[in-house]
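The block underneath contains the structure these notes are about, expressed in structure tokens.
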Amino acid sequence: MMPIWRRKFTLVELIVSMALVSSIMLILFSFLASSQRTWSLSDSTARIYQNSRTAFNIIERDLQCIVNSAVSNREIGLYVFGPTPADANDALHACFVASTEPLAGAYSRLCEITYKHHIDSSDPATQYNLTRQLVSDNDSANWDFLGQPADWWLNNNLNPDLAEFEKVVGGVAEFSMTFYTEGNTVFSAGSDTVVRPARVVVDLVLFDESLKNLPATQRFKTQRSFTKVFYLGHLQN
């Protein structure tokens, strides 16, 4: 009888062996692919949560420092922009005055702050970015909120060295700021008011910014929604 180690494999045995090896390799590759997807998703989620913290920290700092005045001829107001579609390049949300760190060389701490977000592909450099504009008294032509002159909030065409819209975070699919009075009434779109908001609800929908140029179905897999309420009722006029 021929020893087992000297026997030749039959065709059936070879086919079965190759099938087993292929199955094992397939399982291994599936496991590795699944691990890679899980790691990638976890990494995306970490970046998204970091961006949400960054955005909310900056917004909170601005809102907690809002300045309003109802004194005649010295009014300081808040402007809530109209329902501009998100796909418009100039999708502005709100403009208000806050006591914050101004630009270098400014004398006053009072600054006009405007938030903008758009998903318009015609401007890919800022598409899906939440941006913030700060106008301090360096630009006396546009730092003009006192007394609420007409269109004081429209500071789009400024010297970029003085009041450029700067990126807060990227990968923003949706963004909104809703202002409420003490009586829980929403500040209407297009309103220019000296009434201080009692609370502000900020909604953010973020995705992994590195997927910005991929199809929406790919971005959607990483999307996360965030909502934060900022209570300002303790602030005095």
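The values are calculated or read from the model by the stated rules, or taken from the named source; none is laboratory data. The structure presented is a predicted model; accordingly, all values stated were derived computationally and were not measured. Neighbour counts are summed over all protein chains in view; Cβ atoms, including those assigned to glycine, are modelled from backbone coordinates with ideal geometry.
Miscellaneous remarks
- Residues satisfying the stated conditions in region 52-78, i.e. over 18 Å from THR100 (Cα atoms) and under 20 Å from the mean Cα position of the chain (by Cα): SER52, ARG53
- Failed item in (1) out of contact with any Lys or Arg (no Cβ under 9 Å at 6 or more places or on another chain); (2) modelled with pLDDT under 85; (3) of a type in the set (Gly, Ala, Ser), with SER44 passing the rest: (1)
- Restricting SER122, SER44, SER52 to residues that are assigned to a loop (DSSP other than H, G, I, E, B) and small (Gly, Ala, Ser) narrows the list to SER122.
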